[in-house]
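Working notes for the structure below.
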Amino acid sequence: MTVDRRSVLAAGLGIAAGSAAAAAGPRAAEPPTQVAAEQQDFPRPDLEPYTDRDQTEALQAAIDLCASRKAPLLLPPGHFRVGRIELRPGTRLIGAYGKTTLEFTGGAAFITARVAEGVAMEGLVLDGGLLPLDPGRADGLITAADCVMITIRNVEVRRSLVHGISLNGCSGRITDCTIANISQTGLLSRNAAGLEIVHNVVADCGNNGIQVWRDDAGEDGTIVASNRIVRIEARAGGSGENGNGVNVFRAGGVLVSANRISDCAYSAIRANAASNVQMVSNSCANIGEVALYAEFGFEGALIANNLVDGAASGIAVTNFNEGGRLAVLQGNMIRNLVRREAEPVDKRGEGISVEADAVVSANVIENAPSAGIVVGWGKYMRDVAVVQNLVRNARIGIMVTSDREAGACLLSQNMISGAKDGAIRAMMHGLPLGPDLASEAQASGRISIVGNLAV
């Protein structure tokens, strides 16, 4: 008898094998595939698409059986109403690429996995129905802990009252997924052990798009690349922990690259206490606060070749008072910044802000209503070089702190065009002081201003 994909699905799910073969029609004999050979002798679980009957028990039995046989479980198109499902080590749950929907019926958890190596999900739609979960059991529609080489591919996760996908201590890949209409975070990773989050769409999330967090500061190494992240709110409030496209906290060595991030309440990418973070070649638009932010106790931030169009501030590398230091900001294009006049203090409108042990070079900043580049804050400035940047149409081109306790700064070979209130000005806590320092070369024991062009 011919074994084709239709009969494979029938064997895996209890659809009548005879009717499937008849639908396939006569064809030349061919050897059975490995999947068919693995599944054709299985007991047929009582699992039916398009029924209101809860099928949790039948689906769990099928998952357990296939995992024990190290074979994939293939689900046909249709809607299956299920409650809590636990993925066993080696589970491979494969749907019909967007046409197989698992609808959550409620309970403590939806899809869970714990200490399960090699778990894979593919081609499914997971619909949480905006139903609550037990936070002691699960905090995402998919909740996985301590899973080695987990794979979630071509899966749509939608309508969650908690997170979309929540991983703790996991390695593996999350690719080509759509995560949308999530009340908290689209994808939360904690304490990753080698994770790639690549080529996903994350949209309409209540607090953050993608979070890469650790319980304690340390090496993480997660790669967040080529994702499209849009419409991220900050429903839980706070001062920046929510409202971000990508939020990195305490996780070292994280690479955030080639993402398209727009319409975020706070930052496109926000790294807090995250050493050796890289933000490279990202495209960011319509950002409510600082588009690219490295803050608090970190050492090492590389922010290069990004485009920011529309934000309250382009790039900020700050909090030297908390140990934030060591950065390269190079080749970024930042334009169309705004001041938040409704804010009592933190209005911004600045292209780049930087404080300690940093090089700022070859950046282009255009339309900054407060300042193109701000160096230092009070006494918090040390060893900053600002060289070969272009600042156009800023109120003030470059501002540098005048505090006598601050460290050294080099401002050289920058071009400043159309600065309304001075090309280079001293300042104290954001307030400009004294004359325009760009009129002639100047040098002192602390600050050197030489070779700049103001037009």
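Laboratory data are not the source of any read-out in this text; all were calculated from the coordinates shown. The structure displayed is predicted, hence computed values, not measured ones. Neighbour counts run over all protein chains shown; Cβ positions are idealised from the backbone, glycine included.
Could you pull out every one of the lysines with an alpha carbon less than 28 Å from that of residue 347, ignoring same-chain neighbours closer than 8 positions? Counting by Cα, and skipping residues close in sequence, residue 347 has these lysines nearby: 379, 420. Reported to the nearest whole Å, the Cα centre-to-centre distance from segment 345-369 to segment 313-341 is 5. For the pair segment 233-263 / segment 157-209, the C-alpha centres are spaced 12 Å from each other. Between segment 50-127 and segment 386-455, the alpha-carbon centres lie 61 Å apart. The sum of -39500 (n - 2.57) across all DSSP H runs of n ≥ 4, divided by the residue count of the chain, sets its helix-only mean residue ellipticity at 222 nm to -2000 deg cm²/dmol. Candidate cross-link partners of residue 99 among the lysines, defined by an alpha-carbon separation under 29 Å and a same-chain spacing of 8 or more, comprise 70.
Secondary structure note: in the chain, about 5% of the DSSP beta bridges are antiparallel. The mean sequence distance of close C-alpha pairs (under 8 Å, at least 6 residues apart), as a share of the length of segment 77-454, puts its relative contact order at 7 percent.
Distance between the 7 Å Cα→Cβ label points at residue 286 and residue 50: 3.8 nm. How would you classify segment 106-258 from its alpha-carbon gyration tensor, with a ≥ b ≥ c the square roots of the eigenvalues: rounded for a/c under 1.5, else prolate if a/b is greater than b/c, otherwise oblate? Verdict is rounded for segment 106-258. Hydrophobic long helices, here whole DSSP H runs in the chain with Kyte-Doolittle means of at least 0.0 and Cα atoms spread over 15 Å or more along the helix axis, are found at 56-68.
What number comes out for the charge environment of residue 378, summing +1 per Lys or Arg and -1 per Asp or Glu over other residues with Cβ under 13 Å away?
Working: positive: 379, 382, 404; negative: 355, 403, 405.
Once positives and negatives cancel, what remains is 0.
Loop-resident GluC sites (Glu not before Pro) (DSSP state other than H, G, I, E or B) in segment 329-375 with no more than 15 further Cβ atoms inside 10 Å of their Cβ: 341.
State, to one decimal in nm², a quarter of the convex hull surface area for the C-alpha atoms of the chain, i.e. the direction-averaged projected area. Its average projected convex-hull area is 24.0 nm².
Compute the Cα gyration tensor for segment 347-409, then decide on rounded, prolate or oblate, letting a ≥ b ≥ c be the square roots of its eigenvalues: rounded whenever a/c is under 1.5, prolate when a/b is larger than b/c in the other cases, and oblate in all that remain.
Working: a/c = 2.51, a/b = 1.47, b/c = 1.71.
Oblate is the answer for segment 347-409, as a/c is 1.5 or above yet b/c matches or exceeds a/b.
Once the chymotrypsin sites (Phe, Trp or Tyr not before Pro) in DSSP loops with at most 14 neighbouring Cβ atoms within 10 Å are cut out of the chain, the longest remaining piece is 98-455.
Expressed as a rounded percentage, what relative contact order does segment 330-455 have, with Cα pairs under 8 Å and six or more residues apart?
Numbers: 361 pairs, mean separation 24.7, N = 126.
Relative contact order comes out at 20 percent.
What shape does segment 225-285 have by the C-alpha gyration tensor, where a ≥ b ≥ c are the square roots of the eigenvalues, rounded means a/c under 1.5, and otherwise prolate means a/b greater than b/c and oblate the rest?
Values: a/c = 2.63, a/b = 1.13, b/c = 2.33.
Oblate is the answer for segment 225-285, as a/c is 1.5 or above yet b/c matches or exceeds a/b.
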